[in-house]
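The values are calculated or read from the model by the stated rules, or taken from the named source; none is laboratory data. Note that the structure is a prediction, hence the values are computed from the model and not measured. No Cβ is skipped: glycine too gets one built from the backbone with ideal geometry, and neighbour counts run over all protein chains shown.
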Amino acid sequence: MLPLLGRSDQIYMGPIRAGRTEPSTGRSPLLFWVLAGSGRVRTGSTVYEVPAGELLWIPAGARYAMETDSDSVAFPILLPPSDGVTDGPATVTRLRVPPGWEDRLIHEFVHNLGYLRGDAAKPASLFEMIARADDGSTSLPRLPHSREAFEIAHALLRTPGTDDTEGQFAKRAGISTRTLQRYFVEETGLTFTRWRLRARIAASLEYLKQDREISWIANEVGFETGSGFTRAFRAQMGESPSDYRRRTLSGPSDRSARTDDDQALVRMLAESRQPGETAPPIPANATWPRVNGAHVAVWVYRGRARVDVAHRSWELRTGEAMILPAGVRNTVTVPSGSLLLPLGFRASNGSTVSADALETVQFSPDDELALLHTFVAAYTPLRPRGHDSTAVFDIIATGPLAQSVSNEGNADSIATRLAATIAARPADPRTLEEWAQEFGTDAAGLRREFRTETGTTYPQWRSLSRMTQARTQLQLGIAPGTVSRNLGYAHLPAFSRAFRTAHGISPQRFQAQSVERALWLRSVPRAAEPSTRVPHIH
């Protein structure tokens, strides 16, 4: 057996590096949500800057590329296909994520990866829920609460066209420029420069509703040129000032009169707004019983989770992590309101781990952003260049498994070696008795040892292993008939019956729901593909 030891030394997750994707065209809608820091989406010649707490709806068919800055965490939430129906906005649309929706969005991201049972939210329904909950201030920046920063924000809202510099504002307030910068970032999630830009765009909206000239508005709110204003407006609002004005003026004629009462505007921005709709609760969920093709690290981000590996069970709490070993039956059950996330993996290289050797690791709340960043990078194309999906695994596991396991096979029992062999060769038709003869051991003893080590009988284990690999291959877009042959079924109907019995759905229907997921998996580096080393947590 290969021991896994709980870490007692201080854990260092390392820096959160900037990430990016190559341009691609989505077959399904996508929500690009920035949880921390900042990111951007490029569609054609337009660049949408996205600060923390906002998301972009990117419609199906749009060609886009995503980026995140250092110390930033963003989630590209791929939404399920909508059966050919165009749901949601037809153009890129920006929304502010209301308070309390963060965990729900992470749940949607998790669910759309495909390893949990059940269906994820429909594209339009998720977008509409967030839109209804949005407080309507998408274009309005949040006010800082420190006295000096609040007064500066007040001045910027009153006279957005002022050309006073950041240093001049700080000097008049009696604080350093660095302190001013810190106040804005910590209290609004935006740098001073970006907050000021947002305030200027917000001020321009009423002028556009009054049908003012673009060049006049640009000068009034602090832009040197009309073209500069147009570029900034498009990046913030997702459309040009002219298009916004045309759309607004063609709607109902109940335009609000502009007020010069800056105190009223500041109060409007500063008040605590109640969202129109709270986030739906995170439902209870579970994985299918399965046999992983790789060792997988999992972490409880919120709440708790029950993990069953072979004959042992763990009740994990927030911050706890452990390894789900390859080749051993396991199931994860997550109660309502909780989130368990896969963090990283390591190829089994023909070895497995006894459930008796497993222990847990406790991460601190300070590690959360780095762990979320690692999670996203391991399962989507949005990742730093050269990202290593095994790094977090090495943090959780110590001992021989944290090193190369390629030479450790001799330490395993015959049962675990057999499990690893069959996981790599699922079409092998040999019975346990034939394998006992192959290994030169007693069949009855091997049967007992196999059940002890893997938590199930050989026939049950083989069925679970096949179904785990079937889900992965179907999600990669491999035809059901080919999957059937790869896994050693006599013919497609036999495979279809087994798959439907295990999942309550045909392999064809399962694959139809997973088409876009296959495209994402193919964009992950070769070493991480489910057909080779990716953690089979389905």
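Tell me, yes or no, whether region 493-513 has at least one residue that is part of a helix (DSSP H, G or I) and modelled with pLDDT under 65. Checking region 493-513: not a single residue is part of a helix (DSSP H, G or I) and modelled with pLDDT under 65.
Checked against (1) free of Cβ contacts under 8 Å to residues at least 12 places away in the same chain; (2) part of a helix (DSSP H, G or I); (3) not polar (S, T, N, Q), Asp164 meets all criteria but (2). Remark: Thr25 matches the filter, which requires a residue to be at pLDDT below 90, β-branched (Val, Ile, Thr) and not assigned by TED's automatic domain parsing to the domain that holds Leu197.
The one condition from (1) in contact with an Asp or Glu (Cβ under 9 Å, 6 or more places away or on another chain); (2) closer than 24 Å to Leu324 by Cα that Phe499 does not meet is (1).
With respect to the conditions (1) assigned to a helix (DSSP H, G or I); (2) surrounded by fewer than 18 Cβ atoms within 10 Å (Cβ to Cβ); (3) modelled with pLDDT of 85 or more, Glu224 lacks only one, and its number is (1). Among all residues of region 324-334, there is at least one that is buried (at least 23 other Cβ atoms within 10 Å of the Cβ), at pLDDT 90 or above, under 20 Å from Ala397 (Cβ atoms) and not assigned by TED's automatic domain parsing to the domain that holds Pro23.
At least 1 residues being free of Cβ contacts under 8 Å to residues at least 60 places away in the same chain and out of contact with any strand residue (DSSP E or B) (no Cβ under 6 Å at 6 or more places or on another chain) is the threshold, and among the strands (runs of 3 or more DSSP E) wholly inside region 306-383 those reaching it are 312-317.
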